[in-house]
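S.K.: I am attaching a structure below and will ask some questions about it afterwards.
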Amino acid sequence: MTQENEKFKATSVADYRSKIGEQKEVTLPSGAVFILKRLTPLDYIKEGLADIPNEFVQFIAEVQSGVSSKQSSEDQRKNVELFENFLRVTIEKGVISPLICMKYEKEKEDTHLVFGELETADQSKIINVILGKE
């Protein structure tokens, strides 16, 4: 099913993937209009993010609940790096237009927004749409 829970006929793998990965015009809370694409687990696997350690899942749960982590500082550092990589893939592969990069790069200054430039509400909306939560 798509984000809107509408029915569609998927007679092949390609049909299914093309439907769930459709581009969508989204108006952000700021009023800006972006074209976004919902990502699937395959998109992350293609970027080398196939294996998600249990420690990472635990780390995310702790962060979301506001509980201080019981993991070692080395494990926390690894989990933060993994989270940053997931976020980078989400933004750089899921935002079609205008283009966004996670970190400022001089050569992309005129062609890409930096994710941190966006208002917090816009950032949340973009992530939720790309992850299929909206």
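The values are calculated or read from the model by the stated rules, or taken from the named source; none is laboratory data. All values reported here derive from a predicted model rather than from experimental measurement. Note that each Cβ is placed from the backbone with ideal geometry, even for glycine, and that neighbours are counted across all protein chains shown. Note: areas computed on protein heavy atoms with side chains; ligands, DNA, RNA excluded. Shrake-Rupley method; radii C 1.70, N 1.55, O 1.52, S 1.80 Å.
S.K.: Taking amide H atoms as placed 1.01 Å from N in the peptide plane, list the residues 5 or more away in sequence, or in a different chain, whose amide H sits under 5 Å from that of Glu134.
M.R.: Correct list: Val129.
S.K.: Size of the dipole of region 30-102 about the Cα centre, Lys and Arg at +1 and Asp and Glu at -1 on the beta carbon, nothing else charged, in debye to 20?
M.R.: Once rounded to the nearest 20, the dipole reads 300 debye.
S.K.: Additional query: Taking every DSSP beta bridge with both residues inside the chain, roughly what % is antiparallel (nearest 5)?
M.R.: Expressed as a percentage, antiparallel bridges in the chain total about 80.
S.K.: Then there is this: How far apart, in nm, are two points set 7 Å out from the Cα along the Cα-to-Cβ line at Glu81 and at Val33?
M.R.: My value for the distance between the label points is 4.2 nm.
S.K.: Send over a whole-number figure in Å² for the accessible area per residue of the chain, probe 1.4 Å.
M.R.: Dividing the accessible area of the chain by its residue count gives 65 Å².
S.K.: Turning to a different aspect of this structure: Give, rounded to the nearest 20 debye, the magnitude of the charge dipole that the chain has about its Cα centre when Lys and Arg contribute +1 at Cβ and Asp and Glu contribute -1 at Cβ.
M.R.: Values: 18 positive and 23 negative charges, 90 e Å.
Roughly 440 debye, rounded to the nearest 20.
S.K.: Given the convex hull of the Cα atoms of region 1-91, what is a quarter of its surface area in nm²?
M.R.: Spelled out: convex hull of the Cα atoms, projected over all directions, averaged, 8.2 nm².
S.K.: Would you kindly derive the ³J(HN,Hα) couplings of region 65-77 from the backbone phi angles with the Karplus curve 6.51 cos²θ - 1.76 cosθ + 1.60 (θ = phi - 60°), listing them in order in whole Hz, with x for Gly and Pro?
M.R.: 8, x, 7, 6, 5, 9, 7, 5, 4, 5, 5, 4, 4
S.K.: Leaving out ligands, DNA and RNA but keeping every protein chain, what accessible area does Phe86 have, in Å² rounded to the nearest 10, with a 1.4 Å probe?
M.R.: About 40 Å², ignoring ligands and nucleic acids.
S.K.: What list of ³J(HN,Hα) values in whole Hz, one per residue of region 87-98 in order, does the Karplus curve 6.51 cos²θ - 1.76 cosθ + 1.60 (θ = phi - 60°) give from phi, with Gly and Pro shown as x?
M.R.: 5, 4, 4, 4, 6, 6, 9, x, 9, 8, 7, x
S.K.: Considering only protein heavy atoms, what is the solvent-accessible area of Ser65 at a probe of 1.4 Å, reported in Å² to the nearest 10?
M.R.: 80
S.K.: Would you pull out the residues with amide H under 5 Å of Ile96's amide H, same chain only if 5 or more places away, H placed 1.01 Å from N?
M.R.: The answer is Ile35, Leu36, Lys37.
S.K.: Another question, then. How large is the accessible surface of Ile52 in square angstrom, using a 1.4 angstrom probe and rounding to the nearest 10?
M.R.: 80
S.K.: Which of the lysines could a cross-linker bridge to Lys125, judged by Cα under 25 Å and excluding same-chain residues fewer than eight apart?
M.R.: Straight-distance partners of Lys125: Lys7, Lys19, Lys24, Lys37, Lys46, Lys93, Lys103, Lys108, Lys133.
S.K.: What does the charge add up to near Asn54, with Lys and Arg as +1, Asp and Glu as -1, over the other residues with Cβ less than 14 Å from its Cβ?
M.R.: Every neighbour counted, the sum reads -2.
S.K.: Contact order normalised by length for region 70-134, with contacts defined as Cα pairs under 8 Å and 6 or more residues apart; what percent is it?
M.R.: 25
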